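Worksheet for the structure shown next.
The values are calculated or read from the model by the stated rules, or taken from the named source; none is laboratory data. Every value quoted in this text rests on a predicted model; they were computed, and no experiment measured them. Cβ placement follows ideal geometry from the backbone for every residue including glycine, while neighbour counts extend to all protein chains displayed.
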Amino acid sequence: MANPAQFDLVTLRLFVAVCEEHSINRAAEREHIAASALSRRLSELEAYFKLSLFRRHARGLEPTPAGLALLHHVRILLRDMAQMESELTDHASGLKGTVKLHANVWSIVQYLPEQLNSFLSQHPLVNIEIEEALSAATVKAVAGRQADIGIIGSNVAALGLQVIPFRRDRLVVVMADGHPLSERDRLRLGDLLPYDFIGSKRGSAIDDLILRGLAEIGATLKTRIRVSGPETLCRMVQAHMGIGLVPVACAERHRESMRLAIVPFDEPWAWRELNICVPHGDLPRHVRMLVEHLRPQD
């Protein structure tokens, strides 16, 4: 039997060359090795596996079924080795990789642009793929490794994942200037019931909070329209289609341009927590670096 030390990457590359060239002489010329040395390595490989890897005939060499099976695995191995060498070379010159980040629309609009810009400025070889998703779908994606990092509402359970605080914001009631509620100092959920309401997307963190609040007081809202994000909700308020709940930063940003009235929302759940969720265990270096960049600094 061949010594296991002779079962190496060089031998495997030579094996692939023979499979592709169907000839020891052509494979030896391609790989810049003596034909006798290549033939010896093939014999040692067959002895190692105790299998015939080639059929020899007038037209040259053809892989046996065992040879084809080995060829499949060797190609995968060589591909992975090449990728590993490439990534390690890149790491020697700087952080590199692609991060798949799933987040709710509010965190994408309000918090991520500036933070991601500063991170990418420091690490120009890193790419980030962002997908807007509801918090529950984000948890599922991170748990299933379809996403590297998720940003979710704290009211959504993230069982089996590591959870890190991200940001805290407050909901306010927005309405068009001159609305009957615009002069109030603060508003409770029950105060909104008589008026047309612009709701968030079903299943969103805000929608979940509102449904829980309504269940506590045994009431329903007159939801006439639903939208997928706070920016769109403010635009609908501007068009006098109703009132709604958005994070205070969004409301303040559009107060003058959309002529909005803003009233504090006086419910215990008006303060919202946003969390980062990632899998437990070791993370790829570029993912771990982005998580540290997003984490609030004490």
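Filtered by the rule that a residue be acidic (Asp, Glu) and within 22 Å of residue 81 (Cα to Cα), segment 22-50 gives a lone residue, 31. Checked against the criterion of being crowded, with 16+ Cβ neighbours inside 10 Å and at pLDDT below 90, segment 76-94 has no qualifying residue. Restricting attention to segment 261-275, the residues being part of a strand (DSSP E or B) and not β-branched (Val, Ile, Thr) number 8. Restricting attention to segment 198-250, the residues that are part of a strand (DSSP E or B) and under 23 Å from residue 132 (Cβ atoms) add up to 11. All told, residue 217 falls short of being in contact with a strand residue (DSSP E or B) (Cβ under 6 Å, 6 or more places away or on another chain) and not assigned by TED's automatic domain parsing to the domain that holds residue 154.
For residue 76, the test of being part of a loop (DSSP other than H, G, I, E, B) and over 30 Å from residue 229 (Cβ atoms) is failed. When segment 276-298 is filtered for residues that are part of a loop (DSSP other than H, G, I, E, B) and surrounded by fewer than 16 Cβ atoms within 10 Å (Cβ to Cβ), the ones remaining, listed by number, are 280, 281, 282, 284, 295, 296, 297, 298. Residues in segment 183-231 that are in contact (Cβ under 8 Å) with a residue 40 or more places away in the chain and more than 30 Å from the chain's Cα centre (by Cα): 184, 185, 186, 187, 188, 189, 192, 195, 196, 197, 213. Checked against the criterion of being closer than 27 Å to residue 278 by Cα, touching a His at 6+ places or on another chain (Cβ under 6 Å) and surrounded by fewer than 17 Cβ atoms within 10 Å (Cβ to Cβ), segment 157-167 has at least one qualifying residue. Out of segment 171-184, which residues are assigned to a strand (DSSP E or B) and either assigned by TED's automatic domain parsing to the domain that holds residue 278 or surrounded by 19 or more Cβ atoms within 10 Å (Cβ to Cβ) (or both)? Residues satisfying the conditions are 171, 172, 173, 174, 175.
Considering segment 102-122, the residues that are surrounded by 18 or more Cβ atoms within 10 Å (Cβ to Cβ) and farther than 12 Å from residue 294 by Cα include one that is modelled with the highest pLDDT, namely 102.
Every listed requirement among (1) in contact with a helix residue (DSSP H, G or I) (Cβ under 9 Å, 6 or more places away or on another chain); (2) surrounded by fewer than 16 Cβ atoms within 10 Å (Cβ to Cβ) is met by residue 208 save one, (2).
Residue count for segment 133-161, restricted to those that are over 10 Å from the mean Cα position of the chain (by Cα), not in a helix (DSSP H, G or I) and not small (Gly, Ala, Ser): 6. A residue that is farther than 17 Å from residue 24 by Cα, of a type in the set (Phe, Trp, Tyr) and surrounded by 10 or more Cβ atoms within 10 Å (Cβ to Cβ) can be found somewhere in segment 48-63.
When segment 211-268 is filtered for residues that are farther than 21 Å from residue 153 by Cβ and hydroxyl-bearing (Ser, Thr, Tyr), the ones remaining, listed by number, are 220, 257.
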